[in-house]
Amino acid sequence: MEALIPIFGIIFPFITAFGIVYIVYSTRHRERMSMIDKGMDPQIAKPAPDGRRAMRNGLLLVGIGLGLLTGWIIEHTLLGPDSDNPLPFFIGVAICGGASLMAYYHFFGRKHEG
């Protein structure tokens, strides 16, 4: 029985990921075929590229990186280099990631609201 646990722990995530990808692509294919049957152009369903989304994601990743750096600095200065406490990393990521999203909203989000 104990030998089955690692097998299921490895196989089930891959099966689940494959199932999700299969459902997404088959649904997209059905939608496009339905659009063609109705005489519509299937290119209409493609979303337009959005540069603001890339900027938001980039700022978020930079904020996460700065949060990890901040957590590392706090851990080594306040708790000592031998500490294994993960709390400063979580706090740093939450604060810096949130600050980066607030900066995005401040610079880009308010312009599109009106």
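The requirement of being charged (D, E, K, R), within 29 Å of Arg28 (Cβ to Cβ) and not in a loop (DSSP other than H, G, I, E, B) is fulfilled somewhere in the range 54-72, by at least one residue.
Contact map, the range 82-97: first residue modelled with pLDDT of 90 or more, second residue hydroxyl-bearing (Ser, Thr, Tyr), Cβ cut-off under 9 Å, separation 6 or more or different chains; pairs are Pro88/Thr70; Phe89/Thr70; Ile91/Thr70; Gly92/Thr70; Val93/Thr70; Ile95/Thr70; Cys96/Thr70. Please go through the range 68-84 and give me each residue that is closer than 20 Å to Ala99 by Cβ and among the β-branched types (Val, Ile, Thr), ordered by number. Passing the criteria: Thr70, Ile73, Ile74.
Being in a helix (DSSP H, G or I), out of contact with any strand residue (DSSP E or B) (no Cβ under 9 Å at 6 or more places or on another chain) and either at pLDDT below 95 or among the hydrophobic types (A, V, I, L, M, F, W, C) (or both) narrows it down to one of Glu31, Glu2, so name that one.
Working: Glu2 fails: in a helix (DSSP H, G or I).
Residue meeting the stated conditions: Glu31.
Of everything listed in (1) modelled with pLDDT under 90; (2) aliphatic (A, V, I, L, M); (3) not assigned by TED's automatic domain parsing to the domain that holds Arg28, the single unmet condition for Met40 is (3). Which members of the range 35-64 meet the condition of being free of Cβ contacts under 8 Å to residues at least 24 places away in the same chain and under 19 Å from His106 (Cβ atoms)? Within the range 35-64, Asp50, Gly51, Arg53, Ala54, Asn57, Gly58, Leu61 qualify.
The values are calculated or read from the model by the stated rules, or taken from the named source; none is laboratory data. No experiment lies behind these values; they were computed from the predicted model shown. With ideal geometry, Cβ positions are generated from the backbone for all residues, glycine too; neighbour counts draw on all protein chains shown.
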